[in-house]
1. Of LYS123/LYS161; LYS115/LYS162; LYS51/LYS126; LYS51/LYS123; LYS128/LYS162; LYS134/LYS161, which pairs sit farther than 27 Å apart, going by alpha carbon to alpha carbon?
2. Take the alpha-carbon centre of the stretch 184-199, take the same for the stretch 142-182, and report the distance between them in whole Å.
3. To check my understanding: the extent here is largest minus smallest coordinate of the Cα atoms along each principal axis. What are those three numbers for the stretch 123-175, in Å, largest first?
4. Do any chymotrypsin sites (Phe, Trp or Tyr not before Pro) in the stretch 169-202 lie in a DSSP loop with no more than 14 other beta carbon atoms within 10 Å, and if so, which?
5. List every residue whose amide H lies under 5 Å from the amide H of GLN80, counting only residues 5 or more places away in sequence or on a different chain, with H placed 1.01 Å from N in the peptide plane.
6. What trypsin sites (Lys or Arg not before Pro) does the stretch 97-149 have in DSSP loop regions with at most 12 other beta carbons within 10 Å?
7. When a footprinting reagent is the concern and you count Cβ atoms within 10 Å, what order do GLU132, GLU149 take, fewest first?
8. Note down the magnitude of the dipole of the stretch 68-202 about its Cα centre, charges +1 on Lys and Arg C-beta and -1 on Asp and Glu C-beta and zero elsewhere, to the nearest 20 debye.
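FYI, it's all coordinate maths here, none of it is from the lab. These numbers were taken from a predicted model, which means no experiment stands behind them. Cβ atoms come from the backbone with ideal geometry, glycine included; neighbour counts cover every protein chain shown.
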Amino acid sequence: MLASAGALLLMVGLSSWFGAKQTTATPPPRPVPASASAPATPGPTTSALAKSTPLRLDVPAIDVHTRLMTLGLNTDHTVQVPPLSRDAPAGWYKNSPTPGQIGPAIILGHVDTAKYGPAVFYKLGKLKPGDEIKVTRADSSVAVFKVDEVALYSKQQFPTKKVYGDIDHPGLRLITCGGTFDFSARSYEDNTVIFASLVGSS
């Protein structure tokens, strides 16, 4: 599970790398702002799964179907992010639990890129509680999650513990940039975060 220090490094990495330049005519969908102190209420959960590397992410409600790359840490101890290339996949942070294990599994993706426009998580803010998320794992199982909460947080007041802290059930966090684009800083001011809980597997 993620320690507090590791979680803070994740937040810094996101702030530094996502949203290099807004090129899309329409801003990405914006969820209703949430209080940083409000807890994400987990939905019905099922038994945790054994450790198994995630290979694919499917979010039918927003037509996201992506392979998953594995992300670690850069030499400066910020988290790696997927490349800023056309059709770049989302990525699972390997120092978090694998999806289906107890704890918050972390998956990161770009909202857009300077050169190619909307990216894999461009529509993340359109998700609603109850929407389904599926993660295909290396052991051929599919972990099925339901969205508990969709939140938009200022990077200046990011609720590190809520997003990355230990939890007592198998959880999932999908994270990208969002909100207003700051052209002087060349980055988005906020992060869109999806909280989800495991509800089954196949």
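1. Beyond 27 Å between Cα atoms: LYS115/LYS162; LYS51/LYS126; LYS51/LYS123.
2. 6 Å
3. Cα extents, longest axis first: 39, 26, 17 Å.
4. Loop-located and lightly packed - PHE183.
5. Excluding prolines and chain starts, which carry no amide H, the hits are GLY72, LEU73, ASN74.
6. Hits after loop and neighbour filter: LYS115.
7. GLU132, GLU149
8. Roughly 200 debye for the stretch 68-202.
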